[in-house]
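The values are calculated or read from the model by the stated rules, or taken from the named source; none is laboratory data. Just so you know, these numbers come straight off a predicted model, no measurement behind them. Heads up, the Cβs are rebuilt from the backbone with ideal geometry, glycines too, and the neighbour counts pull from every protein chain shown.
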Amino acid sequence: MKFFGLLLFFIAYTTQVFANDCLYQRFETYANLQVEWQKDFTELIVSKFPELSDVAERNKKQQLALIRQRFVAFSIYLKTSPEKIQRQKAINQWVDLSPEVKEDLSLKYPEFKNALEKVNSFKAMPSHKDGEKLREILRTEIVPSHEFTGRLETFNSNVETLNDGSCR
């Protein structure tokens, strides 16, 4: 009887470990897709409008900081509170980063605090002198282009594949 209880514990434990590994791999893949998308998007902007490289790079760095912040929060939840990962939702909604959650995580976890401070440092920067020009070019030239829509479709397709996957 003792052996049976130990066997059940081992099965339950390994099932949870494998499920957590699967979740981690899926979210890591999602984060990597986001990083590649940001790099690709910035390259597209700079290839068409090299004079906007400074503001485009700044925006990319801010987005990368946000991606990192979300990944750190996910990693913390997976280790400490996997029930807080909202797996029933699309992968981009798995982690709640409301102001209250950010505050709580930053008080308890130095790694999250560092990620949050990096994001906040971008928010504290004054507007870039070419920010409005970039937004206008995005609206009128980049987003309507076939190059952009093709790249976005590929990104969305890859994310959809992750959303369709499951971890037992």
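When the criteria are applied in full, F4 meets the requirement of being of a type in the set (F, W, Y), modelled with pLDDT under 95, on the phi < 0 side of the Ramachandran plot and in a helix (DSSP H, G or I). Among the candidates L162, L152, L138, the residue that is more than 21 Å from the chain's Cα centre (by Cα), under 19 Å from K39 (Cβ atoms) and surrounded by 13 or more Cβ atoms within 10 Å (Cβ to Cβ) is uniquely L138.
Could you check the range 79-101 and list, in sequence order, the residues that are of a type outside the set (D, E) and either within 25 Å of F155 (Cα to Cα) or in contact with a strand residue (DSSP E or B) (Cβ under 7 Å, 6 or more places away or on another chain) (or both)?
Selection gives I85, Q86, R87, Q88, K89, A90, I91, N92, Q93, W94, V95, L97.
Looking only at the range 147-168, decide whether some residue is closer than 23 Å to E51 by Cα and either out of contact with any Phe, Trp or Tyr (no Cβ under 9 Å at 6 or more places or on another chain) or outside any helix (DSSP H, G or I) (or both). Scanning the range 147-168, I find at least one residue that is closer than 23 Å to E51 by Cα and either out of contact with any Phe, Trp or Tyr (no Cβ under 9 Å at 6 or more places or on another chain) or outside any helix (DSSP H, G or I) (or both), so the answer is yes. For the range 117-135: of the residues being under 29 Å from L105 (Cα atoms) and surrounded by 11 or more Cβ atoms within 10 Å (Cβ to Cβ), which is nearest to the chain's Cα centre (by Cα)? If we take residues in the range 117-135 being under 29 Å from L105 (Cα atoms) and surrounded by 11 or more Cβ atoms within 10 Å (Cβ to Cβ), then V119 is nearest to the chain's Cα centre (by Cα).
Which members of the range 123-146 meet the condition of being part of a helix (DSSP H, G or I), among the hydroxyl-bearing types (S, T, Y) and closer than 29 Å to V72 by Cβ? Write out each step before concluding.
So in the range 123-146, the residues part of a helix (DSSP H, G or I) come out as 123-124, 131-142, 146.
After this cut, where a residue has to be among the hydroxyl-bearing types (S, T, Y) as well, the list is 140.
Correct list: empty.
Screening the range 98-122 for residues that are hydroxyl-bearing (S, T, Y) and in a helix (DSSP H, G or I) and picking the one that is nearest to F71 (Cα to Cα) gives S106. For R58, the stated conditions do not hold, so it cannot be described as at pLDDT below 95 and either within 15 Å of the chain's Cα centre (by Cα) or surrounded by 14 or more Cβ atoms within 10 Å (Cβ to Cβ) (or both).
Of all residues in the range 31-52, which are of a type in the set (S, T, N, Q) and buried (at least 16 other Cβ atoms within 10 Å of the Cβ)? Selection gives Q34, Q38, T42.
What do you reckon, is V95 in contact with a helix residue (DSSP H, G or I) (Cβ under 8 Å, 6 or more places away or on another chain), surrounded by 19 or more Cβ atoms within 10 Å (Cβ to Cβ) and outside any helix (DSSP H, G or I)? Yes: the conditions hold for V95. Q86 meets all of the listed conditions (1) among the polar types (S, T, N, Q); (2) over 30 Å from L44 (Cα atoms); (3) surrounded by 11 or more Cβ atoms within 10 Å (Cβ to Cβ); (4) out of contact with any helix residue (DSSP H, G or I) (no Cβ under 8 Å at 6 or more places or on another chain) but one, namely (4).
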